[in-house]
Amino acid sequence: MIKEINLDGVYFPPLVGYLLGTAVVWYIIRYLLDWSGFYRFVWHPPLFNTALYVILLSAFVGATL
């Protein structure tokens, strides 16, 4: 388990690393879903994207415990 992230003497909580890692995966998945035309079947794309991000973030955090 990660304690802290040190960037030039500034300490960040591990959640910042999880947020950034999740954002990279989330952007790739969003691009693939948009490219495949999946969003034609989604009622509210911003809500779907938010839920997808939260699910991915919880999976990242859960995988590190």
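A few remarks follow.
- Treating r as the C-beta distance of I29 and L65 and R0 as 25 Å, the FRET efficiency rounds to 0.65.
- Modelled this way, with points 7 Å down the Cα-to-C-beta line, the labels at L15 and S36 are 3.1 nm from one another.
- Whole-Hz Karplus values for segment 53-65 come out as 5, 5, 5, 5, 5, 5, 5, 4, 5, x, 6, 8, 7 Hz, taken residue by residue from phi with 6.51 cos²θ - 1.76 cosθ + 1.60 and θ = phi - 60°; glycine and proline positions read x.
- Theoretical ellipticity at 222 nm over the chain - DSSP helices of four or more residues, -39500 (n - 2.57) apiece, nearest 500: -23000 deg cm²/dmol
- Radius, Kirkwood style, for the chain when every pair of distinct Cα atoms is counted (Å): 13.3
- Relative contact order of the chain, defined on C-alpha pairs under 8 angstrom at six or more residues apart (%): 34
Bear in mind that the values in this text are calculations on the coordinates, not laboratory data. All values reported here derive from a predicted model rather than from experimental measurement. Glycine gets a Cβ as well: all are built from the backbone with ideal geometry, and neighbour counts include every protein chain shown.
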